[in-house]
1. In this structure, is G54 open to solvent by 10 Å² or more (accessible area, probe 1.4 Å) and either modelled with pLDDT under 95 or within 12 Å of the ligand (Cβ to nearest atom) (or both)?
2. So, restricting to helices (runs of 4 or more DSSP H) that lie completely within segment 150-247, which ones have at least 3 residues that are within 15 Å of the chain's Cα centre (by Cα)?
3. Can you tell me which residue is nearest to V32 (Cα to Cα) among those in segment 71-83 that are among the aliphatic types (A, V, I, L, M) and open to solvent by 20 Å² or more (accessible area, probe 1.4 Å)?
4. So, in segment 109-127, of the ones that are open to solvent by 40 Å² or more (accessible area, probe 1.4 Å) and of a type outside the set (A, V, I, L, M, F, W, C), which residue ends up farthest from the ligand (Cβ to nearest atom)?
5. Can you go through E106, E68 and tell me which one is under 19 Å from the mean Cα position of the chain (by Cα) and open to solvent by 10 Å² or more (accessible area, probe 1.4 Å)?
6. Please determine, by comparing only the residues of segment 84-103 that are surrounded by fewer than 18 Cβ atoms within 10 Å (Cβ to Cβ) and within 23 Å of T223 (Cβ to Cβ), which one is farthest from the chain's Cα centre (by Cα).
Amino acid sequence: MLFENQAALVTAAGAGIGRAIALRLAAEGAAVVVSDVNDEAGAETVALIEAAGGRAAYKHANVAEVEEVNALVPFAVETFGRLDLAVNNAGVGAMPKPVQDITAAEWDRSINVTLRGTFLALQSQMAHFVEQGSGSIVNIASLAGISATPQLTPYGAAKHGVVSLTRSVAKECAEQGIRVNAVAPGAIETAALASLPAEAKAGYAAEIPMKRLGQPEDIANATAFLLSEQASFITGVVLRVDGGTEA
Ligand SMILES: NC(=O)c1ccc[n+]([C@@H]2O[C@H](COP(=O)([O-])OP(=O)(O)OC[C@H]3O[C@@H](n4cnc5c(N)ncnc54)[C@H](O)[C@@H]3O)[C@@H](O)[C@H]2O)c1
């Protein structure tokens, strides 16, 4: 097991990619703090982990709220006695529209949750990891953080920010025994994509070189690898998990 005797924190772990990551880390032996804004969904993730024989606890946190985010690390330490791993997964998409039609409120929401939320979570984790002299963080970025995203400019700007944050903090703390990496998912079959008609999904899949949509478990595998000692000399990378889309 990769994470025996370790504790992990996963934001937005009530569904989709975050839930798959939380389940995977628990299966690898980590005690997991499952955090989300949807308390019912978060509790369901905890129940799934426990049903599989793992350890988990739920803590509500909207990553856009400073106090709620700052409460996560102390909760992990109180509950499991430690924190070794963190996955900053919360991020929100939006309806595609031309840049001239985007409202300031829509821009603010994207930046507040996706970029500022990742920053706030990372900042509180870093304070703990620097003091501890160890820690491993994965931020969930997107292909939207690597290439152009016409009609999704706030989301693309926020995810480019997440990539910058990852690389900058990785260099800042490399000497202190802390690694910071990012995973950039391509099209992954979570709620938004899963609810599309079969033909629409097939259309998306056809555009992917590997001819299938990604599954949340594909992201969980890459995240577990980067968090683990198997990636002990890897920091500041943005690992595309996209079936070859951006190759
Ligand atoms: N699904 C994809 O194709 C895809 C592609 C690239 C990147 N991503 C990124 O992966 C991450 C997870 O996406 P997903 O598809 O699993 O989403 P999802 O919609 O399946 O799940 C999102 C979860 O986030 C929670 N959440 C929403 N706002 C929150 C907030 N402010 N604070 C805390 N939790 C909040 C929701 O309650 C929900 O449980 C996001 O950062 C997203 O940008 C997803």
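1. Values: open to solvent by 10 Å² or more (accessible area, probe 1.4 Å): yes; either modelled with pLDDT under 95 or within 12 Å of the ligand (Cβ to nearest atom) (or both): no.
Answer is no for this residue.
2. Details: elements: 153-173, 191-194, 198-206, 216-227.
In segment 150-247, the matching helices (runs of 4 or more DSSP H) lie at 153-173, 216-227.
3. Applying the first criterion (among the aliphatic types (A, V, I, L, M)) to segment 71-83 yields 71-73, 76-77, 83.
Keeping just the survivors that are open to solvent by 20 Å² or more (accessible area, probe 1.4 Å) gives 71, 77.
Details: A71: 15, V77: 11 Å.
Looking at residues that are among the aliphatic types (A, V, I, L, M) and open to solvent by 20 Å² or more (accessible area, probe 1.4 Å), I get V77.
4. Pass one, segment 109-127, residues open to solvent by 40 Å² or more (accessible area, probe 1.4 Å): 109, 112, 115-116, 119, 123, 127.
Right, trim to of a type outside the set (A, V, I, L, M, F, W, C) and you get 109, 112, 116, 123.
Numbers: R109: 9, N112: 8, R116: 10, Q123: 15 Å.
Among residues in segment 109-127 that are open to solvent by 40 Å² or more (accessible area, probe 1.4 Å) and of a type outside the set (A, V, I, L, M, F, W, C), the one farthest from the ligand (Cβ to nearest atom) is Q123.
5. Numbers: E106 fails: under 19 Å from the mean Cα position of the chain (by Cα).
Testing whether each residue is under 19 Å from the mean Cα position of the chain (by Cα) and open to solvent by 10 Å² or more (accessible area, probe 1.4 Å) leaves just E68.
6. Our first condition is that a residue be surrounded by fewer than 18 Cβ atoms within 10 Å (Cβ to Cβ); within segment 84-103, this holds for 92-103.
With within 23 Å of T223 (Cβ to Cβ) added as a condition, the list becomes 92-93.
Numbers: V92: 11, G93: 14 Å.
Applying the filter and picking the extreme gives G93.
Table: residues versus (1) out of contact with any Pro (no Cβ under 9 Å at 6 or more places or on another chain); (2) touching a residue at least 24 places away in the same chain (Cβ under 8 Å).
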residue: G14; (1), (2): yes, yes
residue: G18; (1), (2): no, yes
residue: I21; (1), (2): no, yes
residue: E44; (1), (2): yes, yes
residue: A47; (1), (2): yes, no
residue: A51; (1), (2): yes, no
residue: N62; (1), (2): yes, yes
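The values are calculated or read from the model by the stated rules, or taken from the named source; none is laboratory data. A quick note: this is a predicted structure, and the numbers were derived from the prediction, not measured. Every residue, glycine among them, receives a Cβ derived from its backbone with ideal geometry; neighbour counts consider all protein chains shown. All accessible areas refer to the heavy atoms of the entire protein, side chains included, with ligands and DNA or RNA removed. Shrake-Rupley method; radii C 1.70, N 1.55, O 1.52, S 1.80 Å.
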